Amino acid sequence: MDNCIFCKIISGEIPSNKVYEDDKILAFYDLSPQAPVHVLIIPKTHICCADELDSENCEIVGYIFSKIPQIAKKLGLENGYRVVNNCKEEGGQSVFHLHFHLLGGKKLTLQMA
Ligand code: 5GP
Ligand code: ZN
């Protein structure tokens, strides 16, 4: 999609530090990390946000979660990690291409909001 930063990262127009890639998803380091390890995992198809998921397009979410253990292992997150999705403005979403934050590398606090 035009003017989507993450679509441009997928196409290579904007560079990224990749952690994992296959034909369906891409994982890359967040530009401004909020934890010692902070990676974003995105589908290669443009879906705006979690609120746009439905029975037609939700399969990719299961696929992403099926790959998270492998990605986490590669990042050395054997002791655990957090997966976060921010949805739309009040959820704190700033890039409107569905993504999951994979955070870890320290004991995370239970700050919810
Ligand atoms: P959100 O706030 O939408 O949940 O998360 C968007 C994330 O994308 C933020 O953590 C932000 O740091 C990251 N981000 C924004 N632009 C870029 C970029 O061009 N490259 C990378 N690697 N991360 C980005
Ligand atoms: Zn996009």
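The values are calculated or read from the model by the stated rules, or taken from the named source; none is laboratory data. Because the structure is predicted, anything quoted here is derived from the model rather than measured. All Cβ positions, glycine included, derive from the backbone under ideal geometry; neighbour counts span all protein chains shown. Only protein heavy atoms, including side chains, enter the accessible area calculation; ligands, DNA and RNA are left aside. Shrake-Rupley method; radii C 1.70, N 1.55, O 1.52, S 1.80 Å.
In this model, which of Lys18/Lys73; Lys67/Lys88; Lys44/Lys67; Lys18/Lys67; Lys18/Lys44; Lys74/Lys107 are farther than 20 Å apart at the alpha-carbon? Walk me through the numbers before you get to the answer.
Details: Lys18/Lys73 15 Å; Lys67/Lys88 24 Å; Lys44/Lys67 14 Å; Lys18/Lys67 15 Å; Lys18/Lys44 13 Å; Lys74/Lys107 18 Å.
From Lys18/Lys73; Lys67/Lys88; Lys44/Lys67; Lys18/Lys67; Lys18/Lys44; Lys74/Lys107, over 20 Å: Lys67/Lys88.
Principal-axis analysis of the Cα atoms of the chain puts helix 59-74 at an angle of about 30° to the longest axis. For the pair Lys107 and Ile14 in one chain, pulling the backbone fully straight at 0.36 nm per residue adds 30.3 nm over the alpha carbon distance.
Solvent exposure of the chain, expressed per residue, is 63 Å² of accessible area, with all protein chains present and a 1.4 angstrom probe. Test of understanding: in a Gaussian network model of the chain with alpha carbons linked when under 10 Å, which of Cys49, Cys58, Cys87 would top the mean-square fluctuation ranking? Looking only at Cys49, Cys58, Cys87, the biggest GNM fluctuation is shown by Cys58. Is the shape of the chain best called rounded, prolate or oblate, per the rule: a/c under 1.5 gives rounded, else a/b larger than b/c gives prolate, else oblate, with a ≥ b ≥ c the square roots of the Cα gyration tensor eigenvalues? Rounded is the answer for the chain, as its axis ratio a/c remains below 1.5.
With +1 assigned to the C-beta of every Lys and Arg and -1 to the C-beta of every Asp and Glu, and no other charges, what is the dipole magnitude of the chain about the Cα centre in debye, to the nearest 20? Don't skip to the end; give the middle numbers.
Details: 11 positive and 14 negative charges, 140 e Å.
Dipole of the chain, to the nearest 20 debye: 680 debye.
With a 1.4 Å probe and all protein chains left in place, how much of the accessible area of region 5-104 comes from carbon and sulfur atoms, in whole percent? Taking all protein chains in place, region 5-104 shows 51 percent carbon and sulfur surface.
The phi-based Karplus calculation (6.51 cos²θ - 1.76 cosθ + 1.60; θ = phi - 60°) puts the 3J(HN,Hα) values of region 94-110 at 10, 10, 8, 9, 2, 8, 10, 7, 10, 10, x, x, 7, 6, 7, 7, 8 Hz, whole numbers, x for Gly and Pro.
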